[in-house]
Amino acid sequence: MPLYLLEATYSVEGYRGLIKDGGSKRRDVAMEIVARAGGRLLTFHFGLGEPDVIAIAEFPDAVMAGTLSLAIAASGAATVRVRTLLTPEEIDKTTRRIVPYAPPGT
């Protein structure tokens, strides 16, 4: 399954919930919601400042990763950034498929 980097930054409400529930409960909730989206949470860490949460998860596809991102953002507790992660072998494949590109103004 493809890997995705999830970065979340809490709102004031999100910080209040974190203080109330603690970090372990937030990790457990993250594991559950990722599983409901058909994925698997591989890592979950808190940062000291933005982003507040850094996680790596597997999802069947980008649609499910996006679905999770929307659900979290819609809660108002955090903003989320999702990035697709590529393996070195996938980058090898992309370098063999370079297409011609002309930058603006050329």
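None of the figures in this text is laboratory data; all of them are computed from the coordinates on show. Predicted model, so just to flag it, every value in this text is computed and none were measured. Cβ sites come from the backbone with ideal geometry, for glycine too, and all protein chains shown count toward neighbours.
Pair-distance distribution P(r) for the range 20-68, from all Cα-Cα distances in 10 Å bins starting at 0: 26, 52, 22, 1 percent. Per residue, the chain reaches -13500 deg cm²/dmol at 222 nm when only DSSP H runs of four or more residues are counted, each adding -39500 (n - 2.57).
Across all directions, the average projected area of the convex hull around the alpha carbons of the range 4-99 is 7.1 nm². Sorting the segments 10-23, 54-67 by their residues' average number of neighbouring beta-carbon atoms within 10 angstrom, most packed first, yields 54-67, 10-23.
Dipole magnitude for the chain: computed about the Cα centre from +1 point charges on Lys and Arg Cβ and -1 point charges on Asp and Glu Cβ, it is near 60 debye.
Put in line by how crowded their Cβ is, counting other Cβ atoms within 10 Å and starting with the fewest, Leu6, Leu48 read Leu48, Leu6. Does anyone have the angle between helix 23-36 and the longest principal axis of the chain? Alpha-carbon axes, 0 to 90°, nearest 10? Once rounded, one gets 50 degrees.
Residues whose amide H lies under 5 Å from that of Ala78, counting only those 5 or more places away or on a different chain, are Ser11; hydrogens are built 1.01 Å from N in the peptide plane.
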